[in-house]
Amino acid sequence: MSRLQRRITEAAEAALAQRGFVTVIDVLTGLRWLRAGQVDTWRQGRAATLEELTAVDGARMTEAAVLLRRWALERGLTEGESAYLSSGRDRGELRFLAGGEESVFRVHWVSPDMSEARRKRLTERQNKAPDLVAVESQREWRCAGCGGTGPYLIMEGAEPYCLTCADLDHLVLLPAGNAALSRRAKKESGLAALVVRFNPRRKRYERLGILVEESALALAEEQCLADEEVRLRRRERDRERRAGEDVEFQTRMAVEIVRLFPGCPPER
């Protein structure tokens, strides 16, 4: 086994153990050829190809994808198709390479232990168009449509557009922090966009909230007020359940420590 094949196997096994499936993106990030923040940039349509963001060229990327396929077939994994669509305004198909065949990249490999129902949901999720993403820019920028600017930009291809030119200026910002309110507002809103900001220290985009229609936000707030007491009781039951699970886990952990280290003092 070559050194590259060994590294690909390690990255793929880790992704498979964590999620039950693996993609070429998992391997490229596992090889450290690509950072999570760069994947976000690509998915937002802010790069023409993934190749221009990676630490290697397209030929090396293709080699990794082919070796991943070989490993997956040897492991008996099931192949599924993945559509990679931009979260920018155009929702166009994302490109991996500047030139060449890309079919080997547009797949995901699923554990044979995954149920048919879960496999179907995974395929639907992998092929679903991603949420629109509005970026809070930390630099000066100009809209490619009107030449103006604003707090957020939406990408179309490699060009930034303001919310007005993207027909999103009627939306209001719902800050992150209330999961139930965000979920309901997004469901009720005919149009919505995720708002993110790049964290240079962590080298990744972080969620700030969502842009939703004002009427949808008002309706979601009413729904949350109507069942607030029910959700509070549910959270309390969940807290008690987790506390009980923690005690059980600590007991099992103590037994295992004593088994592995019989001379360990009880107070430790």
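The values are calculated or read from the model by the stated rules, or taken from the named source; none is laboratory data. This structure is a prediction, so every number in the text was calculated from the model and none was measured. Don't worry about glycine lacking a Cβ; one is built from the backbone with ideal geometry, like all the others, and counts go over all protein chains shown. These area figures cover heavy atoms from the full protein model, side chains too; ligands, DNA and RNA do not enter into them. Shrake-Rupley method; radii C 1.70, N 1.55, O 1.52, S 1.80 Å.
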**Report entry** Those Cys residues of the chain for which no other cysteine Cβ falls under 4.7 Å
**Finding:** C146, C165, C224, C264
Query - Set of aspartates and glutamates near K128 by C-alpha distance (under 13 Å), chain-local residues within fewer than 8 positions excluded - result: E81, E93
Report task. Leaving out ligands and nucleic acids, note down the accessible area per residue over the chain with a 1.4 angstrom probe, in whole Å². Result -> 60
Report task. Using a 1.4 angstrom probe on heavy atoms only, work out the carbon and sulfur share of the accessible area of the stretch 160-215 in %. Result -> 48
Report summary line: Applied in sequence order to the stretch 259-267, the curve 6.51 cos²θ - 1.76 cosθ + 1.60 (Karplus, θ = phi - 60°) yields integer Hz couplings, x standing for Gly and Pro, of 5, 6, 10, x, x, 5, x, x, 5
Query raised in the report: Expressed as a rounded percentage, what relative contact order does the chain have, with Cα pairs under 8 Å and six or more residues apart?
Result: 15
Query raised in the report: Who wins for biggest fluctuation among G145, G88, G37 in a Gaussian network model of the chain, springs between alpha carbons below 10 Å?
Result: G145
Query raised in the report: For the modelled label position 7 Å from the Cα of E101 along Cα-to-Cβ, which residues of the stretch 16-58 have backbone nitrogen atoms closer than 17 Å?
Result: 58
Query raised in the report: Quick one: which of 3-10, 67-74 comes out on top by average Cβ neighbours within 10 Å, and what's the full order, highest first?
Result: 67-74, 3-10
Report summary line: GNM on the chain, Cα springs under 10 Å; top mean-square fluctuation among S137, S182, S115 goes to S115
Report summary line: For the chain, the dipole about the Cα centre with charges only on Cβ (Lys and Arg +1, Asp and Glu -1), to the nearest 20 debye, works out at 880
Report summary line: Residues whose modelled amide H sits under 5 Å from the amide H of L85, counting only those 5 or more places away in sequence or on another chain, are L94
Query - Residue with peak Gaussian network fluctuation, the chain [Cα springs, cutoff 10 Å], from R106, R43, R118 - result: R118
Query raised in the report: Picking from V66, L28, G99, whose Cα lies most toward the positive end of the charge dipole for the stretch 1-130 (charges on Cβ: Lys, Arg +1; Asp, Glu -1)?
Result: L28
Query raised in the report: For the peptides 154-164, 245-255, what is the packing order when you average, over each peptide's residues, the other Cβ atoms within 10 Å and list the highest mean first?
Result: 154-164, 245-255
